[in-house]
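The values are calculated or read from the model by the stated rules, or taken from the named source; none is laboratory data. All of these numbers come straight from a predicted model, not from anything done at the bench. Backbone-built Cβ (ideal geometry, glycine too); neighbour counts: all protein chains shown. Protein only, heavy atoms only, side chains kept; ligands, DNA and RNA dropped before computing areas. Shrake-Rupley method; radii C 1.70, N 1.55, O 1.52, S 1.80 Å.
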Amino acid sequence: MTYRSSRRSFLTAGVVLPLTGATLWQETADRQAASSASAPQFSYRVLGKTGLKVTTLGFGCMITSDAGVIERAADLGINYFDTARGYQGGNNERMVGAALKRKRASLVLSSKSGARDKQRALADLDTSLRELGTDHLDVWYLHGKNSPDEVSDELVEAQQIAKQQGKIRFAGVSTHDPKVIVPAMARKGVMDVVLVTYNFSMDPGVAAAIEQGNKARLGIVAMKVMAGGFRERPGRGDSGTREKLKRAGAMLAALKWVLKDRNVHTTIPSMTDMDQLDENLRAMAEPYGAAEEKLLARQLDFITPLYCRMCGECTGMCARGLPVADILRHLTYTEGYGQFALGREEFLKLGPAVAAVRCADCERCTVQCPFGVQVTARLRRAQELFA
Ligand code: SF4
Ligand code: SF4
């Protein structure tokens, strides 16, 4: 792996679009006409072989605590909502179900199970349906599979049984490793949808894998589109930089960057408040241009030492066996998403042996991140916060 994250490589690594900037936004023709000057405009794409017409901005409910934000998103016209059995200690589905109850019939609703065997997965599905107050899911994902072996025959069988029983319409898999999982699923032909980590910080191989998935008619849903959502804190860096990194700039630009890739059908950024919802809605109506390119180049410089893309390329490098990508993901929950409790909870699930390790005790770190993440410093920070 020779790719290095840098402003220069970012500027040259953008998705090679099949359409020109001018034609890209011809999608406008497919937009719902705004009923007033202030009403949001929506763009839609077809979710691969499912044939479902989804808004390009969907809603990732994982860290939302205010059901009103979800309800308003549905009232405004967003039609794709994503949750999982495990989110918020099993509580998220209940809230999502209550928020979407009135509109359920017109929405595309997805959830996930992280179970590793058929019986537990099917039991999870029944719990999800009960908590969500619905008799079926539109997409049911196998949660967090980063190697083809994890998409086992018995889990695929569970999805097929659920389809036959009418409990799910379509089968999916979610992954932090699109370069491995998307081509594997494109070949295997047992999935309808893949939910992938995808953002401006990633190497061009991720975009290529997603393109391959789209060609195989897989529905493509993008998560982690804000690249961790890191924002510089007041008092650090020069004020000009801070201004440009404010949510209204870099986060919106990050979302637009993903949407300009036509191989992606919808996105599920996390949204916790109304302002964030209003801002994200703009990504469906506004073009991606030079200003966004500039903002993201600057944002990439800022996040390069901080943001772990969860590519897994450092797996096995830690001399003391730390699961580096998992720990750094939990640190991103805390420092990027602003969710300390979630970050610590997930860290502690890694077990006492992981929690007992202190990077400060190592003379020399054996982990090399090809993307420039300052691994030792970040792990020390995680140990200080969580262990
Ligand atoms: S720290 Fe490891 S998993 Fe994270 S971006 Fe670097 S190589 Fe990939
Ligand atoms: S410094 Fe931390 S990450 Fe690096 S080898 Fe030691 S324990 Fe592993």
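Per-residue answers, yes or no, for (1) touching a strand residue (DSSP E or B) at 6+ places or on another chain (Cβ under 6 Å); (2) within 16 Å of ligand 2 (Cβ to nearest atom); (3) under 26 Å from residue 89 (Cα atoms):
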| site | (1), (2), (3) |
| --- | --- |
| 331 | no, yes, yes |
| 341 | no, no, yes |
| 364 | no, yes, no |
| 368 | no, yes, no |
| 377 | no, yes, no |
Original post:
How about the stretch 145-170: which of its residues are in contact with a Lys or Arg (Cβ under 7 Å, 6 or more places away or on another chain) and surrounded by 19 or more Cβ atoms within 10 Å (Cβ to Cβ)?
Top reply: 151, 155, 158
Subject >> Tabulated pairs, the stretch 288-312, first of a type in the set (A, V, I, L, M) and within 16 Å of ligand 2 (Cβ to nearest atom), second open to solvent by 30 Å² or more (accessible area, probe 1.4 Å) and part of a helix (DSSP H, G or I), C-beta under 7 angstrom, 6+ apart or interchain >> reply: 310/329
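Mind checking whether some residue in the stretch 303-316 is within 17 Å of residue 63 (Cα to Cα), touching an Asp or Glu at 6+ places or on another chain (Cβ under 7 Å) and within 15 Å of ligand 1 (Cβ to nearest atom)? Walk me through how you get there before you give the answer.
Of the stretch 303-316, the ones within 17 Å of residue 63 (Cα to Cα) are none.
Within the stretch 303-316, not a single residue is within 17 Å of residue 63 (Cα to Cα), touching an Asp or Glu at 6+ places or on another chain (Cβ under 7 Å) and within 15 Å of ligand 1 (Cβ to nearest atom).
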**OP:** Check residue 310 against each of (1) over 26 Å from residue 145 (Cα atoms); (2) in contact with a strand residue (DSSP E or B) (Cβ under 7 Å, 6 or more places away or on another chain) and name the one condition it does not meet.
**Re:** (1)
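Looking at 346, 335, 363, can you tell me which residue is within 16 Å of ligand 1 (Cβ to nearest atom), of a type in the set (D, E, K, R) and surrounded by fewer than 21 Cβ atoms within 10 Å (Cβ to Cβ)? So that I can check it myself, show each step before the final result.
Working: 335 fails: surrounded by fewer than 21 Cβ atoms within 10 Å (Cβ to Cβ); 363 fails: within 16 Å of ligand 1 (Cβ to nearest atom).
Result: 346 is the single residue among 346, 335, 363 that is within 16 Å of ligand 1 (Cβ to nearest atom), of a type in the set (D, E, K, R) and surrounded by fewer than 21 Cβ atoms within 10 Å (Cβ to Cβ).
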Subject >> Residue satisfying all of: in the stretch 161-186; assigned to a helix (DSSP H, G or I) and free of Cβ contacts under 8 Å to residues at least 12 places away in the same chain; nearest to the chain's Cα centre (by Cα) among these >> reply: 163
Subject >> Where residue 386 falls short, out of the listed (1) modelled with pLDDT of 95 or more; (2) among the aromatic types (Phe, Trp, Tyr); (3) in contact with a strand residue (DSSP E or B) (Cβ under 7 Å, 6 or more places away or on another chain) >> reply: (3)
